[in-house]
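Single-structure report; data block below.
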Amino acid sequence: MALESFATVVALGDPPLDQLALALAGEFGAVDAEAALERLERLGEEIASVAGGSRDPEAEVEAVRTVLGTRHGFVGDRADYDHPDNSMLDRVLARRTGLPIVLSVVYVEAARRAGITVAGVGLPGHFVVGHFGHVPPLLLDPFAGGTRLEVAGGGEVEPWSAHQTALRMLNNLVGSYQRRHDLSRAIRAAELRLSLPLEDRDRSAFAAELQSLRAILN
């Protein structure tokens, strides 16, 4: 299966999150997209089986948590948190560990294949998933093996779009590659950010950061 470029998938307007995340990974190395999508399909089938057709939000999130967190052991990489592999969906699926945001992509996309709608939720310094068919939303923490989570103080949470999610993933990669003195890949991640729909203020800031990185390399 040939991967589209990241910019091509971004241009779809509201791209599928799995396609966008795999296209992002493909900008930094070879990706077996077919194998990654097959893993998501199998996980989705398991979740659907555990849910048993229930449309109760509590039962749905429990099925997602049981399959991904308990049966398959998807959990955060605490030993090498900052490693770029933890930002690549195909590698996170294969290794069953990664950053919170990419583990959340696994949850969102596996659940979608089971007919269950959950969405990524960006919190300060963390990223989780939420089922918004319940008030308040039911939150799971993929980094902690799918444990239930409540927002401190009862604060409001909102579902994130694929574009918002990809931007945070790329922010992580810019920093990760810089800390590893891999300026060429840091520059590539910074370039990819500018293909996303951005507020003018953010576009100016990211363009300035890209220019600074290019100046270091040159």
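Using 7 Å Cα-to-Cβ label points, what is the Ala215/Leu123 separation (nm, one decimal)?
If labels sit at Ala215 and Leu123, their model points lie 3.8 nm apart.
From zero outward in steps of 5 Å, how is the percent of C-alpha pairs of segment 3-48 spread across the bins?
Values per bin, smallest distances first: 5, 24, 26, 20, 15, 8, 2.
What is the distance in Å between the Cα centroid of segment 201-218 and that of segment 7-62?
32 Å
When the helices in the chain are scored as -39500 (n - 2.57) per DSSP H run of 4 or longer and the sum is shared across all residues, what 222 nm value do you end up with, to the nearest 500 deg cm²/dmol?
The per-residue figure over the chain is -15500 deg cm²/dmol.
In the full protein assembly as shown, how much of Thr8 is accessible to a 1.4 Å probe, in Å² to the nearest 10?
60 Å²
Got a sec? Charge dipole of segment 147-218, +1 on Cβ for Lys and Arg, -1 for Asp and Glu; which of Leu170, Leu217, Leu194 is way out at the positive end?
Comparing the listed Cα positions along the dipole, Leu217 ranks first.
Can you find, among Ala110, Gly146, Thr97, the residue sitting farthest towards the positive end of the charge dipole of segment 1-155, where Lys and Arg contribute +1 and Asp and Glu -1 at Cβ?
Going by the charge dipole, the pick is Gly146.
Taking Cα pairs under 8 Å and at least six residues apart, what relative contact order does the chain come out at, in percent?
Computed value for the chain: 19 percent relative contact order.
Given H placed on each backbone N at 1.01 Å, which residues far from His126 in sequence or on other chains put an amide H within less than 5 Å of it?
For His126, whose amide H was placed from the backbone, there are no distant partners under 5 Å.
Counting C-alpha atoms alone, how compact is segment 110-206: give Rg to one decimal and Dmax as a whole number, in angstrom.
15.8, 45
Using alpha carbon coordinates only, what is the Rg to Rh ratio of segment 166-210, with Rh defined as the Kirkwood radius?
Ratio value, two decimals: 0.96.
Take every Cα pair under 8 Å in segment 133-208 that's 6+ residues apart, average their separations, divide by the length, and report that relative contact order as a whole percent.
19 percent
Scaled to the compact-protein estimate 2.2 N^0.38 Å, what is the alpha-carbon radius of gyration of segment 35-102, rounded to two decimal places?
1.19
Taking θ as phi - 60°, what are the ³J(HN,Hα) couplings along segment 99-108 by the Karplus curve (6.51, -1.76, 1.60), each to the nearest whole Hz, with x for Gly and Pro?
6, x, 5, 7, 4, 5, 4, 4, 4, 4
Cα atoms only, the chain: Rg and Dmax in Å?
Rg and Dmax of the chain, Cα atoms, are 17.2, 58 Å.
Largest first, what is the accessible-area ranking of Asp90, Asp56, Asp32 with a 1.4 Å probe?
Sorted descending by solvent-accessible area, the residues read Asp32, Asp56, Asp90.
Charges on Cβ only, +1 for Lys and Arg, -1 for Asp and Glu, centred on the Cα centroid of segment 1-63; of Leu17, Val50, Ala2, which one is farthest towards the dipole's positive end?
Positive-end residue among those listed: Ala2.
The values are calculated or read from the model by the stated rules, or taken from the named source; none is laboratory data. Just so it is clear, the model here is predicted, and its values are computed rather than measured. All Cβ positions, glycine included, derive from the backbone under ideal geometry; neighbour counts span all protein chains shown. Side chains included, ligands, DNA and RNA excluded: accessible areas come from the protein's heavy atoms. Shrake-Rupley method; radii C 1.70, N 1.55, O 1.52, S 1.80 Å.
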